[in-house]
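Asks: Starting off with a structure, shown below.
The values are calculated or read from the model by the stated rules, or taken from the named source; none is laboratory data. Since this is a predicted model, take the numbers as computed values, not measurements. All Cβ positions, even for glycine, are placed from backbone atoms using ideal geometry, and neighbour counts span all protein chains on display. To get the accessible areas, we keep the full protein, side chains included, count just its heavy atoms, and leave off ligands, DNA and RNA. Shrake-Rupley method; radii C 1.70, N 1.55, O 1.52, S 1.80 Å.
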Amino acid sequence: MNTGHCADLTNGLHLSIDWLSWTLTTTQSVDDAILMMGFDVNDFKAQPQGLNGYSSQLRHVSHSISIQYNGNENMGVHVDVSGSAVHALLTQFYEANLVNTVFGSVGFETDSFESTVLREFMKCIKEYGHITRLDLAVDDIGTNYYSLPELHDLFTADLYVSRFRSWKEVREYGKYSGHTIYFGSRTSSIMLRIYDKQAEQNKKLLSADMSPLEYTWVRWELELKRERAQQVMELILQGIDISFLTMGILTNYLRIINNDSPRKDRCTVSEKWNAFIDGIGKVSLYCSEPEKTIDDNKRWLTRQVAPTLAKVVMADASFDFIEFLIDNGFNRLTPNQLEILSALQGGTEHDTARSNG
């Protein structure tokens, strides 16, 4: 069965999921996290310390998979899987979920013949928790399209259109060289990095006294976190394949253009870029701002307003100012806020206004 985590385009580029992280919120048990992946508890080894607020950590003995647990009550169990281990994870999940069929054989149970192992695994993540990070990689092995020096020249000449506000470049010199271009920041929900994968791999190979790679290799990586990773997961669950997702998101956030118009927004897209994305159209990951809940309002008031309000009350030695704030605030409620209050109280907007008038 197709794992669904990688694809080869007709233009020679290889695409893959290069990182996967999720948090299980319905359990605090590390055994549940291991069972969901299809592994055995003996496949993991305890580490001296935890990470990211968790006091305990397990790492797979063969693959780059870590599990963080024993955090606060609402932290659940967190799992990180690097790109080199994604295939092993999905293979293990597939084999652990094989069932006997009426034909005397075994099969992987899905609700669609077009499904993939990745999609079925994403269903488990959504049912028991939420995804926190997902990286999509584009490998240009042999550098058939853009080298890092060429990209440097294009970006310096402003021959690109991007949703990212800026880009930066990091070069390493010495025994182990390196070259990376970044769009976005590590703290944002989406970041693009383009780097010399040959140099990165040769650093590891030479450190291990192994022969270096002779061919050039440029990797493009989209690092998606929080709501962006959630949106990608939802698209995968809808049946959108990795090739369309990866190149569609990439060309939605970046395009290389020709210098053929005084106005940048009228410049045509470079033919090489069109060849690079293999004719795949844009995929938008637009997120609308969620409506603030009453609990959100309470948290904001506690965090931002409570100290100042306490100071005023202590200075006045009364709660008169708080009563004034409530009366003043009620008279300024918007129709949308009144509608939310009405829904919470089980009445109508007119009833809410009248009962508080």
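Asks: Taking the alpha-carbon centroid of each part, what is the distance from the range 1-33 to the range 41-93 in angstrom?
Replies: So the two Cα centres are separated by 14 Å.
Asks: Starting from the range 176-241, pick out the GluC sites (Glu not before Pro) whose DSSP state is loop and whose Cβ has at most 14 other Cβ atoms within 10 Å.
Replies: 214
Asks: By how many nm would the segment from residue 99 to residue 40 lengthen if fully extended, with 0.36 nm per residue of separation less the alpha-carbon distance?
Replies: Gain on stretching residue 99 to residue 40: 19.4 nm.
Asks: Another question about this same structure. What shape does the range 92-139 have by the C-alpha gyration tensor, where a ≥ b ≥ c are the square roots of the eigenvalues, rounded means a/c under 1.5, and otherwise prolate means a/b greater than b/c and oblate the rest?
Replies: Prolate.
Asks: List the relative contact order of the chain as a percent without decimals, with contacts defined as Cα pairs under 8 Å and 6+ residues apart.
Replies: 15
Asks: Just the accessible area for residue 284, please: 1.4 Å probe, Å², rounded to the nearest 10?
Replies: Surface open to solvent at residue 284 totals about 80 Å².
Asks: When Lys and Arg each count +1 and Asp and Glu each count -1, what net charge do the other residues less than 11 Å away from residue 155, Cβ to Cβ, add up to?
Replies: -3
Asks: May I ask you to list the residues of the range 174-188 whose amide nitrogen lies under 20 Å from a point 7 Å from Cα along the Cα→beta-carbon direction of residue 205?
Replies: What the label zone holds, given the 20 Å backbone N cut-off, is 174-180.
Asks: Something else about it: With a ≥ b ≥ c the root eigenvalues of the C-alpha gyration tensor of the range 131-248, is it rounded (a/c under 1.5), prolate (a/b larger than b/c) or oblate?
Replies: Prolate is the answer for the range 131-248, as a/c is 1.5 or above and a/b outweighs b/c.
Asks: Starting from the Cα gyration tensor of the range 1-147, take the square roots of the eigenvalues, sort them a ≥ b ≥ c, and report rounded, prolate or oblate (rounded when a/c is under 1.5, otherwise prolate if a/b is larger than b/c, else oblate).
Replies: Cα axes put the range 1-147 in the oblate bin.
Asks: Any idea of residue 283's accessible area? Nearest 10 Å², probe 1.4 Å.
Replies: Accessible area of residue 283: about 10 Å².
Asks: I've got another one for you. Per-residue accessible area for residue 124 at 1.4 Å probe radius, Å² rounded to 10?
Replies: Its heavy atoms expose roughly 30 Å² to the probe.
Asks: Mind checking the range 76-146 for chymotrypsin sites (Phe, Trp or Tyr not before Pro) that DSSP puts in a loop (not H, G, I, E or B) and that have at most 11 other Cβ atoms within 10 Å?
Replies: In loop regions of the range 76-146 (DSSP not H, G, I, E or B), the sparsely surrounded chymotrypsin sites (Phe, Trp or Tyr not before Pro) are 103, 113.
Asks: Kindly provide the GluC sites (Glu not before Pro) of the range 48-111 that DSSP labels as loop, not H, G, I, E or B, and whose Cβ sees at most 12 other Cβ atoms within 10 Å.
Replies: The qualifying sites are 73, 109.
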